[in-house]
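Asks: Take this structure first; my questions come after.
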Amino acid sequence: MFNWKRTSAFATALAFVLIGGAAAAAPFPDVPPWHWAYDAITRDAAAGLIVGYPAAPADLIENSLTQVYDGFVHVGAKGAQGWVERFTYNRPAVWPAPFVHSQIAAFLLTGMRIAVTGEAATAQFSAAVTTRDGKTSTNQMRVQLRLSEGDWQVDYATLSAQSPLFR
């Protein structure tokens, strides 16, 4: 695992490599397109200068949740909608309206408890969220996830059922 927290205070740069012929997910699932190092990381990976390796399912699940919240924070960034869609499924018929109207300005996910059964998982955590108008709230969240094409995806319906910020 590549640790970018030490150099960029963002997140660890995870990547998948082909192992035993198994298909890999798109590389670096914790470096979104709006991150300042995205272009350099993808260019260096394409040149073979850096590679990543698989992380534990719990780490990847926590990363998927972080990427969804971060996408809502960066709603106006290039590629943000597609990034959130990569890490979610079961989005509402009115999608992308909840995303486009995002009020999330900052977040902190703590107390992550993850249970994995095969290609399904449940994550329980506390989400402290600050909205664009400066209000802060904390919700206890319980969401479902599934493994799909190498990425853990959040069941959007379970996310929006827990917080009005995703409706």
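The values are calculated or read from the model by the stated rules, or taken from the named source; none is laboratory data. This is a predicted model, so every value here is computed, not measured. Cβ coordinates were reconstructed from backbone atoms using ideal geometry, including for glycine residues, and neighbour counts include every protein chain displayed.
Asks: Would you pick out the residues in the range 27-43 that are closer than 20 Å to residue 76 by Cβ and assigned to a helix (DSSP H, G or I)?
Replies: The answer is 38, 39.
Asks: Taking the range 37-80, which residues are in contact with a Phe, Trp or Tyr (Cβ under 8 Å, 6 or more places away or on another chain) and among the small types (Gly, Ala, Ser)?
Replies: Answer for the range 37-80, where residues must be in contact with a Phe, Trp or Tyr (Cβ under 8 Å, 6 or more places away or on another chain) and among the small types (Gly, Ala, Ser): 37, 45, 52, 64, 71, 77, 79, 80.
Asks: In the list 57, 92, 33, which residue meets the criterion of being in contact with a Lys or Arg (Cβ under 9 Å, 6 or more places away or on another chain) and within 24 Å of residue 140 (Cβ to Cβ)?
Replies: The conditions single out 92.
Asks: If you don't mind, another one. If I filter the range 32-59 down to residues being aliphatic (A, V, I, L, M) and closer than 20 Å to residue 145 by Cα, which single residue comes out as surrounded by the fewest Cβ atoms within 10 Å (Cβ to Cβ)?
Replies: Ranking the qualifying residues of the range 32-59, first place goes to 56.
Asks: Taking the condition of being farther than 16 Å from residue 86 by Cβ and either in contact with a Leu (Cβ under 8 Å, 6 or more places away or on another chain) or at pLDDT below 85 (or both), how many residues in the range 19-44 meet it?
Replies: 4
Asks: Same structure, new question: Only residues in the range 134-155 that are closer than 16 Å to residue 83 by Cα count as the first member; pair them with residues that are in a strand (DSSP E or B) and among the basic types (Lys, Arg), Cβ under 9 angstrom, at least 6 apart or cross-chain, and list the lot.
Replies: Every condition considered, the pairs that remain are 152/146; 153/146; 154/146; 155/146.
Asks: Check whether at least one residue in the range 111-123 is touching a strand residue (DSSP E or B) at 6+ places or on another chain (Cβ under 8 Å) and within 22 Å of residue 35 (Cβ to Cβ), and report yes or no.
Replies: yes
Asks: Right, here's the next one. Before we move on, is residue 62 surrounded by 17 or more Cβ atoms within 10 Å (Cβ to Cβ), touching a residue at least 40 places away in the same chain (Cβ under 8 Å) and among the charged types (D, E, K, R)?
Replies: Yes, satisfied.
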